[in-house]
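K.L.:
One structure, as structure tokens, below. Some questions next.
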Amino acid sequence: MFHFEGTLRMSEPIVISGTGLVTPVENPWESIKQGKSWQEKGARVDVAAFAFKLRKTKCAQGIVRQMDAVHQMCLLACTAALNEAKVKLNKKVDPHRIAIVLGTEYGDLDIYETFERNRTPAAFRSALPGTPGLANSIALKFYGPSTTLLSQFSAGLEAVVWGLEALERGDVDLILCGGFDKLAPSVLKRYELTGMLSQKGVSRPYDRRRDGLLLSEGAGIIVMEKEFQAKQRGVRGLARVVGRGMRFGNGRESIASAMRQALQSATLSTVDCVFGSANSCPKLDSEEARAIREILGEVPVTSVKSVAGESLGMGGVLNLVSGIWSIKEGLIPGTINFKEPCRDCPVNVVAESRMERPRSVMVNAVGTNAVSVVLKKIEA
Amino acid sequence: MKRKVVITGMGAICCLGRGTKAVIEATRRGESGAQSIERFDTSELRCKKGCFVDEAEFEDSELSRGHHLLKLVVEEAVKDSRFENNEEREAAVLVGSIYGCMESWEEMHDAMMGKRDEVGIGAYDAFPLWWLSTAVAKTLKTTRPVTTLSTACSSTDFALGTALYAIRDCKMDVAVVAGVELLSRFIVTGFDKLNALSLTSCRPFDKERDGLVLGEGAGAIILESYEHAQKRGATIHAELAGFGCSFEAHDLAAPEPRGVKRSLALRNALADAEIADTEVDFIKAHGTGTPANDKVESLALKRVFGKRGTQIPVSSFKSAFGHTCGACGVLEGVVSISCIRNNLIPPTVGFRETESGMRMDIVGGKCRSHSVKTVAQMSAGFGGSNTCFILREH
């Protein structure tokens, strides 16, 4: 999470061994591959439809019963990621060496609004940005150094970079990182007034006609650990994390600097494709596109936010998980609604999903900070 | 061998005044900045007190209150550090807070509920916590990453520890750690509903204690690698020698009652600083003044220091300028650092005696002269994110 030069100082490879996404659609990757916009489903997560699954888990049910929709959303994502990583909550796993780091843009503003209405102690007790992460730690009984990071657009990927740092320092053996946001009325109100929303109701990253973003919500979590440890549980891992970079700001220079750092720390000169952060904002898309051009030239670029919209805290993690699936399935999903290239976005946009076997993927998240993470395929 | 990290700049503002000098001197005088709340209607609250920054400090500023306070303390800290080559532009920035500019959110929400007219975009812009860090980054003109983190009341302590590790790992040479908390109707009402607020005064560790008094303010501490500080001839206030934390994952608000996890944060900090518990001269307690916290804290200290713990001076500055939530790590840290520099420990205002079974040397009444070479500063956040950092004389 801080400026670093040189290679990723890992003594051994780091892998992502599990992922969990709770989104407005039942199968986010299918929707991204097929180009089916989340707006068709209203871009809201129906947590109540899934929450019953938590009763079947080994999570501490006392806290689960106290959880609101936001906490549940995060816990569903955590448990899905832990399941995929085959992490069983037993004696083999030291819970003091497992942490949860979540990124969010607004936290759980729904509970703040609830407190304003009903003034109950229970509502206020949960009205902190860190409560979702904390509630998850209590449910999962993890006692490692956990925190909540706040940023616009880039929080989820910042949490991933934080996780890498914690693994590198040896503070943790396993880390759940990710991001969440829920579109409480005050979140929507703020976005309405900032003028960042698309008036035409279309998300078209990098396209000449883009006029603003469309919002969506959800929670996305990955499990990261050293590869040898995953193998001990019989888990191969989904992809290796080989590089990362981060800079303050969302201008071309900051983004280019973050991307350059990520490549340098991965000891790579290029990647096979980029999962861009572009969310259909006129200026942001252009700044990112010009940075990509500068650092990676004609490397194919896609933005899943064309399908998913801008999901705030989850956005960077959704991008990352899409990068993982892209590597695993040998497919680059298309940027829907991209039809008119323009000079201020001089990048090679993948308009339609195509079979291509990326071995290395760069994932960007640009907002308060410019963050880049490089993933690599785990070769047999 | 661990890379040494030192403190070369500080800034502070709270109910006791603006600037580290004003805050430290008032704290030493044993003043309490608690006053009747006038900023908003308290007719439905049991508690009518808070520690507010002088309204005059906010006049003539177009910035939101939170940004304004952060700007003041960051500018003071940078000036104090006497950077000559704009080193602050290469600093990583970490900001801690819990509620940030809540009054901005309140105004917007009130307008949404039809309780007031619509307000301008300025109000809506200000409330996200990350907006605070953006404001700090722009004040410093930094290009390094900017991190806003929240671990409840231990936010800025955690931020200091994070920056310490990053500088030790040679990730950067300079870090600016800042925190701010503002009092608003939302926060005071919330703590009131939790029955956490005192109806009398904040008297940490006193047997008659009945709760905390909230405070607002901001603080900034600049951390620097010792080599970098030495090379440019900086004035070094103290060394940040170690940091430790522990996470209870026990309850959303209540602390683990036996103080086991709390004591672990302290042990981890001592281990990280590579010192024995016998070297600690003064403990800056979290000391909120609530029956629960102070009891748990006394148990935690006993676990680590044993019998000697009854003789180590302990003080809580929350008795002076209130519980400044996410900002308390940096704001109280500034006063802790002054204890080392001047061998003076400010008193715990309002303290008379502990309850039976709680044997501690609480500094009460007047400021105490005492040789202070090593300080252990404790903090604990809602939900059990406990921290301790060790300050050492340089």
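K.L.:
Against the conditions (1) away from chain A (no Cβ under 14 Å); (2) open to solvent by 10 Å² or more (accessible area, probe 1.4 Å), where does B:F382 fall short? Just the number, please.
P.N.:
Looking at each condition in turn, B:F382 falls short on (1).
K.L.:
Spot the failing condition for A:L75; the list is (1) assigned to a helix (DSSP H, G or I); (2) open to solvent by less than 40 Å² (accessible area, probe 1.4 Å); (3) touching a Gly at 6+ places or on another chain (Cβ under 9 Å); (4) not hydroxyl-bearing (S, T, Y), and only one is missed.
P.N.:
With respect to (1) assigned to a helix (DSSP H, G or I); (2) open to solvent by less than 40 Å² (accessible area, probe 1.4 Å); (3) touching a Gly at 6+ places or on another chain (Cβ under 9 Å); (4) not hydroxyl-bearing (S, T, Y), A:L75 is out only on (3).
K.L.:
State all residues of segment A:59-72 that are surrounded by 18 or more Cβ atoms within 10 Å (Cβ to Cβ) and in a loop (DSSP other than H, G, I, E, B); if no residue qualifies, say none. Quick ask: steps written out before the conclusion?
P.N.:
The initial filter retains those residues of segment A:59-72 that are surrounded by 18 or more Cβ atoms within 10 Å (Cβ to Cβ), namely A:59, A:63-64, A:67-68, A:70-72.
Within segment A:59-72, A:C59, A:M67, A:D68 qualify.
K.L.:
Of the residues in segment A:309-354, how many are assigned to a loop (DSSP other than H, G, I, E, B) and either open to solvent by 10 Å² or more (accessible area, probe 1.4 Å) or in contact with a strand residue (DSSP E or B) (Cβ under 7 Å, 6 or more places away or on another chain) (or both)?
P.N.:
Residues in segment A:309-354 being assigned to a loop (DSSP other than H, G, I, E, B) and either open to solvent by 10 Å² or more (accessible area, probe 1.4 Å) or in contact with a strand residue (DSSP E or B) (Cβ under 7 Å, 6 or more places away or on another chain) (or both): 22 in total.
K.L.:
Taking the residues in segment A:85-107 that are of a type in the set (A, V, I, L, M, F, W, C) and in a loop (DSSP other than H, G, I, E, B) as candidates, determine which candidate is farthest from A:I175 (Cα to Cα).
P.N.:
Among those that are of a type in the set (A, V, I, L, M, F, W, C) and in a loop (DSSP other than H, G, I, E, B), it is A:L89.
K.L.:
Out of (1) surrounded by 24 or more Cβ atoms within 10 Å (Cβ to Cβ); (2) farther than 21 Å from B:S201 by Cα, the odd one out for B:N343 is which?
P.N.:
Exception for B:N343: condition (1).
K.L.:
Cβ-Cβ below 7 Å, separation at least six or inter-chain, first residue in segment A:353-372 and more than 22 Å from A:N279 (Cβ to Cβ), second assigned to a loop (DSSP other than H, G, I, E, B) and among the aliphatic types (A, V, I, L, M): which pairs?
P.N.:
If the second residue must be assigned to a loop (DSSP other than H, G, I, E, B) and among the aliphatic types (A, V, I, L, M), the pairs left are A:S360/A:L268; A:S360/A:V271.
K.L.:
Only one of A:E40, A:E12, A:E26 is more than 25 Å from B:H250 (Cβ to Cβ), modelled with pLDDT of 90 or more and either of a type in the set (V, I, T) or open to solvent by 10 Å² or more (accessible area, probe 1.4 Å) (or both). Can you tell me which?
P.N.:
The match here is A:E26.
K.L.:
To continue, here is another question. When residues of segment A:240-292 are filtered for being of a type in the set (D, E), part of a helix (DSSP H, G or I) and either more than 13 Å from every other protein chain (Cβ to nearest Cβ) or touching a Cys at 6+ places or on another chain (Cβ under 9 Å) (or both), how many remain?
P.N.:
3
K.L.:
Among the helices (runs of 4 or more DSSP H) lying completely within segment A:108-170, list those that include at least 3 residues that are more than 7 Å from chain B (Cβ to nearest Cβ).
P.N.:
Numbers: elements: A:109-118, A:121-125, A:131-140, A:155-169.
So the answer is A:109-118, A:131-140, A:155-169.
K.L.:
Give B:E59, B:E76, B:E25 a once-over and let me know the one that is open to solvent by 40 Å² or more (accessible area, probe 1.4 Å) and modelled with pLDDT under 95.
P.N.:
Sole residue among the options that is open to solvent by 40 Å² or more (accessible area, probe 1.4 Å) and modelled with pLDDT under 95: B:E59.
K.L.:
If A:V87 satisfies every condition in (1) surrounded by 19 or more Cβ atoms within 10 Å (Cβ to Cβ); (2) within 13 Å of another protein chain (Cβ to nearest Cβ); (3) modelled with pLDDT under 95 but one, which is the exception?
P.N.:
The single condition A:V87 does not satisfy is (2).
K.L.:
Take the residues in segment A:227-239 that are crowded, with 21+ Cβ neighbours inside 10 Å and outside any helix (DSSP H, G or I), then tell me which one is farthest from the chain's Cα centre (by Cα).
P.N.:
In this case the residue turns out to be A:G237.
K.L.:
Also, quick follow-up: Report, by residue number, each residue of segment B:151-191 that is facing another protein chain (nearest Cβ under 10 Å) and within 20 Å of B:E103 (Cβ to Cβ).
P.N.:
B:A152, B:C153, B:S155, B:R185, B:F186, B:I187, B:T189, B:G190, B:F191
K.L.:
Need a quick list: helices (runs of 4 or more DSSP H) entirely within segment B:1-112 having at least 2 residues that are over 30 Å from B:Q230 (Cβ atoms) and hydrophobic (A, V, I, L, M, F, W, C).
P.N.:
In segment B:1-112, the matching helices (runs of 4 or more DSSP H) lie at B:102-112.
K.L.:
Being over 30 Å from A:G107 (Cα atoms) and in contact with a helix residue (DSSP H, G or I) (Cβ under 7 Å, 6 or more places away or on another chain) narrows it down to one of B:E87, B:E31, B:E75, B:E107, so name that one.
P.N.:
Only one candidate qualifies: B:E31.
K.L.:
Can you confirm whether A:A219 is open to solvent by less than 10 Å² (accessible area, probe 1.4 Å) and either free of Cβ contacts under 8 Å to residues at least 24 places away in the same chain or touching a Phe, Trp or Tyr at 6+ places or on another chain (Cβ under 7 Å) (or both)?
P.N.:
Details: open to solvent by less than 10 Å² (accessible area, probe 1.4 Å): yes; either free of Cβ contacts under 8 Å to residues at least 24 places away in the same chain or touching a Phe, Trp or Tyr at 6+ places or on another chain (Cβ under 7 Å) (or both): yes.
Judged against the criteria, A:A219 is a match.
K.L.:
I've got another one for you. Which of the residues belonging to segment A:152-191 are of a type in the set (S, T, Y) and open to solvent by 10 Å² or more (accessible area, probe 1.4 Å)?
P.N.:
Passing the criteria: none in range.
K.L.:
Additional query: Being open to solvent by less than 10 Å² (accessible area, probe 1.4 Å) and either on the phi > 0 side of the Ramachandran plot or touching a helix residue (DSSP H, G or I) at 6+ places or on another chain (Cβ under 7 Å) (or both) is the requirement here; does B:G233 meet it?
P.N.:
On the way: open to solvent by less than 10 Å² (accessible area, probe 1.4 Å): no; either on the phi > 0 side of the Ramachandran plot or touching a helix residue (DSSP H, G or I) at 6+ places or on another chain (Cβ under 7 Å) (or both): yes.
It is false that B:G233 is open to solvent by less than 10 Å² (accessible area, probe 1.4 Å) and either on the phi > 0 side of the Ramachandran plot or touching a helix residue (DSSP H, G or I) at 6+ places or on another chain (Cβ under 7 Å) (or both).
K.L.:
Still on this structure: Condition first: open to solvent by less than 10 Å² (accessible area, probe 1.4 Å), touching a strand residue (DSSP E or B) at 6+ places or on another chain (Cβ under 6 Å) and hydrophobic (A, V, I, L, M, F, W, C). Can you find one or more residues in segment B:289-308 that meet it?
P.N.:
For segment B:289-308, residues open to solvent by less than 10 Å² (accessible area, probe 1.4 Å), touching a strand residue (DSSP E or B) at 6+ places or on another chain (Cβ under 6 Å) and hydrophobic (A, V, I, L, M, F, W, C): absent.
K.L.:
Next up: Being under 18 Å from A:A77 (Cα atoms), of a type in the set (A, V, I, L, M) and more than 9 Å from every other protein chain (Cβ to nearest Cβ) is the requirement here; does A:V187 meet it?
P.N.:
Numbers: under 18 Å from A:A77 (Cα atoms): no; of a type in the set (A, V, I, L, M): yes; more than 9 Å from every other protein chain (Cβ to nearest Cβ): yes.
Against the criterion (under 18 Å from A:A77 (Cα atoms), of a type in the set (A, V, I, L, M) and more than 9 Å from every other protein chain (Cβ to nearest Cβ)), A:V187 does not qualify.
K.L.:
Just checking, does segment B:145-156 include any residue being farther than 30 Å from B:A253 by Cα, open to solvent by 10 Å² or more (accessible area, probe 1.4 Å), of a type outside the set (V, I, T) and at pLDDT below 95?
P.N.:
No; the residues of segment B:145-156 include none that is farther than 30 Å from B:A253 by Cα, open to solvent by 10 Å² or more (accessible area, probe 1.4 Å), of a type outside the set (V, I, T) and at pLDDT below 95.
K.L.:
How about segment B:79-96: which of its residues are of a type in the set (D, E, K, R) and modelled with pLDDT under 95? Outline the logic, then answer.
P.N.:
Here is the first cut: in segment B:79-96, the ones of a type in the set (D, E, K, R) are B:79-80, B:82, B:84, B:87-90.
B:E84, B:E87, B:E88, B:R89, B:E90 - these are the residues of segment B:79-96 that are of a type in the set (D, E, K, R) and modelled with pLDDT under 95.
K.L.:
Considering each residue of segment B:79-130, count those that are open to solvent by 20 Å² or more (accessible area, probe 1.4 Å), hydrophobic (A, V, I, L, M, F, W, C) and under 24 Å from B:G161 (Cβ atoms), and give that number.
P.N.:
Within segment B:79-130, residues that are open to solvent by 20 Å² or more (accessible area, probe 1.4 Å), hydrophobic (A, V, I, L, M, F, W, C) and under 24 Å from B:G161 (Cβ atoms) number 1.
K.L.:
Determine whether segment A:91-102 contains at least one residue that is open to solvent by 40 Å² or more (accessible area, probe 1.4 Å) and closer than 25 Å to A:S216 by Cβ.
P.N.:
No, because not a single residue in segment A:91-102 is open to solvent by 40 Å² or more (accessible area, probe 1.4 Å) and closer than 25 Å to A:S216 by Cβ.
K.L.:
While we're looking at this one, here's another question. Can you spot a residue in segment A:323-343 that is within 30 Å of B:A135 (Cα to Cα) and in contact (Cβ under 8 Å) with a residue 40 or more places away in the chain? First the steps, then the outcome.
P.N.:
Step one: filter segment A:323-343 for residues within 30 Å of B:A135 (Cα to Cα), giving none.
No; the residues of segment A:323-343 include none that is within 30 Å of B:A135 (Cα to Cα) and in contact (Cβ under 8 Å) with a residue 40 or more places away in the chain.
K.L.:
Separate question: How many residues are surrounded by 24 or more Cβ atoms within 10 Å (Cβ to Cβ) and either on the phi > 0 side of the Ramachandran plot or in contact with a Leu (Cβ under 9 Å, 6 or more places away or on another chain) (or both) if we restrict to segment A:293-308?
P.N.:
3
K.L.:
Given the criterion closer than 17 Å to B:R262 by Cα, modelled with pLDDT of 95 or more and either open to solvent by 10 Å² or more (accessible area, probe 1.4 Å) or in contact with a Leu (Cβ under 7 Å, 6 or more places away or on another chain) (or both), identify the matching residue among B:C388, B:C367.
P.N.:
The match here is B:C388.
The values are calculated or read from the model by the stated rules, or taken from the named source; none is laboratory data. Just so we're clear, the structure is a prediction, and the values are computed from it rather than from any experiment. In this analysis, Cβ positions are derived from the backbone assuming ideal geometry, glycine residues included, and neighbour counts consider all displayed protein chains. We work out accessible area using only protein heavy atoms, side chains counted, and drop any ligands, DNA or RNA first. Shrake-Rupley method; radii C 1.70, N 1.55, O 1.52, S 1.80 Å.
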